[in-house]
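**Q** Below is the structure I would like to discuss, written out as structure tokens.
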Amino acid sequence: MIQQHGGNIDRLENILDLSANINPLGLPERVRAAIAESIPDAERYPDPGCTVLRERLADLEQIPAENIVCGNGADDLIFRIVHALRPKKALVTAPTFSEYSRALAEAGCGTDLHFLREERGFELTEEILQQLDENVDICFICTPNNPTGRLADPDLLGKIARKCLENSTILVCDECFLGFAENSPYLSLRQYLNDSCVILKAFTKLFAMPGIRLGWAICGSSSLAKRIVESGQFWPVSSLAQAAGIAALDEVGYLGRTVRLIAEERRFLRAEMEKMGVKVYESQANFLLFRSRPDLGEKLLAQGILIRDCRAFAGLSPGYYRIAVRDHEENSAFLTGLRRCLNG
């Protein structure tokens with residue numbers, strides 16, 4: 001099953017879904033309660049400025065609230081950024097999240113791809129600096145990258161940010177999966193933020209709330225944030241989503257448990273898969289990219305296990321797959337199914 005995105009299981013029953021990279025700890029109970037308590041607010045229009053949520057995020061990020069834009073998930077913000085800026089030429093890595101190129105194409109922007117090489121484990125290197133000239137209006141970087149799971153070196157992010165500022169290029173750094181990585185504050189573009197930078201973050205995957213749709217952008221300047229705000233709808237975030245986000249920001253213990261679980265289970269999965277002779281790529285996210293037989297996806301689906309076939313990603317070919325890191329029981333079930341497929 002080849003999907004545009006993971007998690008599309010509406011027509012599938014009794015499926016172990018490893019195609020969507022959602023926190024295996026599930027929606028925190030206090031967030032669930034906050035959503036339920038906010039249901040009466042559904043009869044009124046939500047706060048268009050997400051005032052309380054932005055103030056809480058401003059405290060967290062140590063940046064003025066005027067530099068923060070909230071949206072209906074990170075996807076919404078990607079499209080709003082592109083439509084606000086109307087770039088003529090973009091630079092995007094490959095493979096990476098498909099919505100960057102889709103938003104750029106919709107806006108009529110030409111896109112150059114910077115291919116990440118398999119022999120380097122899909123690592124982002126300083127080679128990208130050679131393509132970042134004054135003709136590039138916008139550049140998208142994802143760290144950890146989807147679907148590879150590789151982090152961009154923080155020092156390299158700083159060099160990219162400085163070159164983008166020199167060339168008046170907007171750098172959009174997608175950090176939606178960074179919260180799953182160990183020592184994430186030291187890996188963020190945040191320490192190199194300048195007027196040309198936008199950092200994307202989301203509650204979706206980290207807090208297991210993809211049905212709520214909530215993301216935010218940290219902008220290097222308030223004027224850039226204002227342009228993004230004005231490019232979108234007047235009420236971009238529902239009352240329920242705002243309540244969920246405010247409650248989620250108190251879940252410090254939940255985040256700590258998440259990072260520990262993902263790190264442990266990611267190591268377990270990779271080690272067991274490599275014992276089977278599977279090529280697994282380095283990852284610091286809550287998913288793993290690996291390479292195996294081209295029919296593996298169909299064979300696993302026949303066993304009730306759905307994984308993400310990655311052949312649709314630019315730069316990848318049949319035989320590349322991505323799996324979410326789940327809890328130990330689910331990961332073990334996947335490994336059992338994988339052994340059956342590989343051993344005939």
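**Q** Kindly indicate whether any position in region 244-262 is under 23 Å from the mean Cα position of the chain (by Cα), more than 27 Å from P28 (Cβ to Cβ) and either of a type in the set (D, E) or surrounded by fewer than 18 Cβ atoms within 10 Å (Cβ to Cβ) (or both).
**A** No, region 244-262 contains no residue that is under 23 Å from the mean Cα position of the chain (by Cα), more than 27 Å from P28 (Cβ to Cβ) and either of a type in the set (D, E) or surrounded by fewer than 18 Cβ atoms within 10 Å (Cβ to Cβ) (or both).
**Q** Scanning region 319-339 for residues that are within 18 Å of the chain's Cα centre (by Cα) and in a loop (DSSP other than H, G, I, E, B), which turns out nearest to T96 (Cα to Cα)?
**A** Taking region 319-339 as the starting set, the residues that turn out to be within 18 Å of the chain's Cα centre (by Cα) are 321-326.
Among the residues that remain, those that are also in a loop (DSSP other than H, G, I, E, B) are: 325-326.
Values: V325: 18, R326: 22 Å.
It comes out as V325.
**Q** Cβ contacts < 9 Å: first residue in a helix (DSSP H, G or I), restricted to region 21-38; second residue among the acidic types (D, E) and buried (at least 17 other Cβ atoms within 10 Å of the Cβ), any location; separation 6+ or different chain. Result?
**A** Within 9 Å, the pairs are R30/E251; V31/E251.
**Q** What do you reckon, is V136 free of Cβ contacts under 8 Å to residues at least 60 places away in the same chain, β-branched (V, I, T), in the same structural domain as L77 (by TED's automatic domain parsing) and within 19 Å of P87 (Cα to Cα)?
**A** Working: free of Cβ contacts under 8 Å to residues at least 60 places away in the same chain: yes; β-branched (V, I, T): yes; in the same structural domain as L77 (by TED's automatic domain parsing): yes; within 19 Å of P87 (Cα to Cα): yes.
Against the criterion (free of Cβ contacts under 8 Å to residues at least 60 places away in the same chain, β-branched (V, I, T), in the same structural domain as L77 (by TED's automatic domain parsing) and within 19 Å of P87 (Cα to Cα)), V136 qualifies.
**Q** Can you find a residue in region 189-208 that is closer than 24 Å to F290 by Cα and either touching an Asp or Glu at 6+ places or on another chain (Cβ under 6 Å) or without any contact (Cβ under 8 Å) to a residue 60 or more places away in the chain (or both)?
**A** So far as region 189-208 goes, no, none of its residues is closer than 24 Å to F290 by Cα and either touching an Asp or Glu at 6+ places or on another chain (Cβ under 6 Å) or without any contact (Cβ under 8 Å) to a residue 60 or more places away in the chain (or both).
**Q** Picking from V92, V52, which residue would you name as being touching a Ser or Thr at 6+ places or on another chain (Cβ under 7 Å) and not in a loop (DSSP other than H, G, I, E, B)? Full working, then the answer.
**A** Working: V52 fails: touching a Ser or Thr at 6+ places or on another chain (Cβ under 7 Å).
Only one candidate qualifies: V92.
**Q** If you don't mind, there's one more thing I want to ask. Under 19 Å from A90 (Cα atoms), in the same structural domain as A58 (by TED's automatic domain parsing), in a strand (DSSP E or B) and touching a Gly at 6+ places or on another chain (Cβ under 9 Å) - does that describe any residue in region 175-197?
**A** Checked against the condition, which is being under 19 Å from A90 (Cα atoms), in the same structural domain as A58 (by TED's automatic domain parsing), in a strand (DSSP E or B) and touching a Gly at 6+ places or on another chain (Cβ under 9 Å), region 175-197 yields at least one hit.
**Q** For region 194-205: of the residues being crowded, with 22+ Cβ neighbours inside 10 Å and more than 16 Å from the chain's Cα centre (by Cα), which is farthest from T169 (Cα to Cα)?
**A** The selected residue is C197.
**Q** Between I128, I81, which is among the β-branched types (V, I, T) and surrounded by fewer than 23 Cβ atoms within 10 Å (Cβ to Cβ)?
**A** Values: I81 fails: surrounded by fewer than 23 Cβ atoms within 10 Å (Cβ to Cβ).
One residue alone meets the criteria, I128.
**Q** Let me ask another. Tell me which of these P294 doesn't satisfy, since it passes every other one: (1) without any contact (Cβ under 8 Å) to a residue 40 or more places away in the chain; (2) in contact with a Leu (Cβ under 7 Å, 6 or more places away or on another chain).
**A** Here P294 clears every test but (2).
**Q** Would you say A285 is touching a residue at least 60 places away in the same chain (Cβ under 8 Å), of a type outside the set (D, E), closer than 17 Å to K205 by Cα and part of a helix (DSSP H, G or I)?
**A** Working: touching a residue at least 60 places away in the same chain (Cβ under 8 Å): yes; of a type outside the set (D, E): yes; closer than 17 Å to K205 by Cα: yes; part of a helix (DSSP H, G or I): no.
No, not satisfied.
**Q** Go through L316, L342 for me and flag whichever is surrounded by 14 or more Cβ atoms within 10 Å (Cβ to Cβ), on the phi < 0 side of the Ramachandran plot and over 26 Å from the mean Cα position of the chain (by Cα). It would help to see each step written out before you state the result.
**A** Values: L316 fails: over 26 Å from the mean Cα position of the chain (by Cα).
The match here is L342.
**Q** Which of the residues spanning region 95-129 are under 17 Å from A312 (Cα atoms), among the hydrophobic types (A, V, I, L, M, F, W, C) and in a loop (DSSP other than H, G, I, E, B)?
**A** F97, L116, F122 - these are the residues of region 95-129 that are under 17 Å from A312 (Cα atoms), among the hydrophobic types (A, V, I, L, M, F, W, C) and in a loop (DSSP other than H, G, I, E, B).
**Q** Would you check which residues across region 297-320 are of a type in the set (S, T, Y) and free of Cβ contacts under 8 Å to residues at least 12 places away in the same chain and list them? Give the derivation first.
**A** If we filter region 297-320 for residues that are of a type in the set (S, T, Y), which is where we start, we get 317, 320.
Correct list: S317 only.
**Q** A further question follows. Please tell me if S168 is loosely packed, with under 15 Cβ neighbours inside 10 Å, at positive phi, of a type in the set (S, T, Y) and without any contact (Cβ under 8 Å) to a residue 60 or more places away in the chain. Spell out how you get there, then give the answer.
**A** Values: loosely packed, with under 15 Cβ neighbours inside 10 Å: yes; at positive phi: yes; of a type in the set (S, T, Y): yes; without any contact (Cβ under 8 Å) to a residue 60 or more places away in the chain: yes.
Judged against the criteria, S168 is a match.
The values are calculated or read from the model by the stated rules, or taken from the named source; none is laboratory data. Values in this document were obtained by computation on a predicted structure and should not be read as measured data. As a convention, Cβ positions derive from the backbone with ideal geometry for all residues, glycine included, and neighbour counts pool all protein chains shown.
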